[in-house]
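The values are calculated or read from the model by the stated rules, or taken from the named source; none is laboratory data. Keep in mind it's a predicted model, so treat the numbers as computed, not measured. Every residue, glycine among them, receives a Cβ derived from its backbone with ideal geometry; neighbour counts consider all protein chains shown. The area values use the complete protein model at the heavy-atom level, side chains included, leaving out ligands, DNA and RNA. Shrake-Rupley method; radii C 1.70, N 1.55, O 1.52, S 1.80 Å.
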Amino acid sequence: MTDRYGVIGHPIAHSKSPVIHGLFATQTDQDISYEAFDIPPAELSTTINKLIQDGIKGLNVTVPLKKEVAELVDHLSDRAQLAGAVNTIDVKNGRISGDNTDGVGLVRDLRDNLGIDLMDSRLLILGAGGATRGIVPSLLEAGATSIRIANRTLEKARGLADQYRSLGAVTPCRFDELERESFDLIINATSAGLHGESPPFPTSIITPDVVCYDLSYAMRDTPFTAWAREHGARQVHQGWGMLVEQAAESFFIWRGIRPETGPVLKQLP
Ligand code: NDP
């Protein structure tokens, strides 16, 4: 019988997850279906319960539901607990488990696909939302020596830095405090580009050696990758690889099979 999976978010029409998981299923010969469900936050709990009653085996979770879902599941993996956010729900024998594959997905893309050495690197993350929460522990584990978290709302960056300080050198600041600082890798984890906005990042952070990575992805340059390119960054990347790698880790959790990501990545823009 075909096993049902899906992705939940609000909005969800833009999601590439159905295409990615469809390609994984064909490649690994798995009999699954994968649908997108638009769930307003107020209807989250009742809709998830209904989907599970109807036999759904697993769900990906995207903006803005990751934090709320972490409070609804029966069990959290260590990395989901640390992140306080869930992007993968697995339903087995009536038990609902929550995991977070964003961090491992990003690190695999940076290190394995793009050949970026994270060992002893100095990182800047712009933004302090759910995605930042998920990626900081994995980046520290991969060898980053320091992570600066800059955010429009300083309190949120402070909260994250406090939460992760025991894991490594994580410090918070505002965007305008970044003048005269330099980094090996800058990760844009704001959602500003989705709304066509360009936050006031100081241009001085774009040095000739810096690599810039936008978690967001688009058919062309995102506002951040265009800005970083214009100011002379050494390399500029979008989050397509992270998207595929985090999906592959979810697929592995559900099916126990690790799909090859390279061929799938080639079929996306
Ligand atoms: P959240 O809504 O949790 O956080 C959004 C962040 O963006 C906050 O830090 C917010 O700042 C900041 N922000 C939003 N608008 C502006 C603005 N105009 N100026 C400055 N800062 C702004 O989103 P997520 O953390 O879940 O996602 C962030 C991005 O990462 C999204 O674009 C998402 O699509 C992408 N993503 C990509 C993945 C991939 O696989 N490639 C996986 C996960 C996420 P403040 O706190 O001040 O409100």
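Among beta bridges from DSSP that stay inside the chain, the antiparallel ones total about 20%. Give the carbon-plus-sulfur fraction of the accessible surface of region 8-60 in %, rounded to a whole number; probe 1.4 Å, heavy atoms of protein chains only. Result for region 8-60: 53 percent of the exposed heavy-atom area is carbon or sulfur.
Each distinct pair of alpha carbons in region 9-58 adds a 1/r term; the inverse of their mean, the Kirkwood radius, is 12.2 Å.
Dividing the Cα radius of gyration of region 127-197 by 2.2 N^0.38 Å, with N the residue count, gives 1.06.
Both the radius of gyration and Dmax for region 106-158 are 11.4, 34 Å, in that order, over alpha-carbon atoms. Against the chain, whose longest principal axis is taken from its Cα atoms, helix 44-53 shows a tilt of about 40°.
Against the chain, whose longest principal axis is taken from its Cα atoms, helix 130-141 shows a tilt of about 70°. Computed from phi, the 3J(HN,Hα) profile of region 177-189 under the Karplus parametrisation 6.51, -1.76, 1.60 (θ = phi - 60°) reads 7, 8, 3, 6, 9, 10, 9, 7, 9, 10, 10, 8, 10 Hz, with x in place of Gly and Pro.
Residues whose amide H comes within less than 5 Å of that of S216, counting only those at least five positions distant or on another chain, are G239 (H built at 1.01 Å from N in the peptide plane).
At an R0 of 22 angstrom, the distance between the Cβ atoms of H10 and N49 translates into a FRET efficiency of 0.80. Remark on I96: its backbone amide H falls under 5 Å from those of D74, H75, a criterion applied only to residues 5 or more positions apart or on other chains, H modelled at 1.01 Å from N.
A simple rule links phi to the HN-Hα coupling: the Karplus curve 6.51 cos²θ - 1.76 cosθ + 1.60 with θ = phi - 60°, which for region 74-89 gives 7, 9, 10, 5, 4, 6, 6, 5, 4, 6, x, 8, 10, 10, 9, 10 Hz, with x for Gly and Pro.
In terms of overall dimensions, region 141-269 has a Cα radius of gyration and Dmax of 16.3, 48 angstrom. By the helix-only formula, in which each DSSP H run with n ≥ 4 contributes -39500 (n - 2.57) and the sum is divided by residues, the chain has a 222 nm mean residue ellipticity of -9500 deg cm²/dmol. Placing unit charges on the Cβ atoms of the charged side chains and taking the dipole of the chain about its Cα centre, the candidate lying farthest along the positive direction among Y5, S146, L23 is S146.
Based on Cβ point charges of +1 for Lys and Arg and -1 for Asp and Glu, what charge dipole magnitude is obtained for region 108-229 about its Cα centre, in debye rounded to the nearest 20?
260
The Cβ shell under 14 Å around D176 holds other residues with a net charge of +1, Lys and Arg each +1, Asp and Glu each -1.
For region 102-111, 3J(HN,Hα) computed residue by residue from phi via the Karplus equation (6.51, -1.76, 1.60; θ = phi - 60°) reads 4, x, 5, x, 5, 4, 4, 5, 4, 7 Hz, glycine and proline entered as x.
Of all the Cα-Cα pairs you can form in the chain, what percent are over 36 Å apart?
12
As an equivalent ellipsoid, region 1-120 spans semi-axes of 24, 19, 14 angstrom, where each value is the square root of five times an eigenvalue of the C-alpha gyration tensor, largest first.
Using the 1.4 Å probe convention, the accessible area of the chain works out to 47 Å² per residue with neighbouring protein chains retained.
P(r) for region 69-180: what percent of alpha-carbon pairs falls in each 5 Å bin, starting at zero? Going from the shortest bin to the longest, the percentages are 2, 12, 21, 21, 18, 13, 7, 3, 1, 0, 0. Placing +1 on the Cβ of every Lys and Arg and -1 on the Cβ of every Asp and Glu, with no other charges, gives the chain a dipole of roughly 100 debye about its Cα centre. To the nearest 10 degrees, how steeply does helix 240-255 sit against the main Cα axis of the chain, on a 0 to 90 scale? The helix 240-255 is inclined about 30 degrees to the chain.
Here's how it looks for A169: its modeled amide H is under 5 Å from those of I147, which are all 5 or more places away or on a different chain. The residue among L110, T222, F175 whose Cα reaches farthest toward the positive pole of the charge dipole of the chain, with charges on the beta-carbon of Lys, Arg, Asp and Glu, is F175. For the residue pairs K67/K266; K16/K57; K57/K156, the alpha carbons lie more than 27 Å apart in K67/K266; K57/K156.
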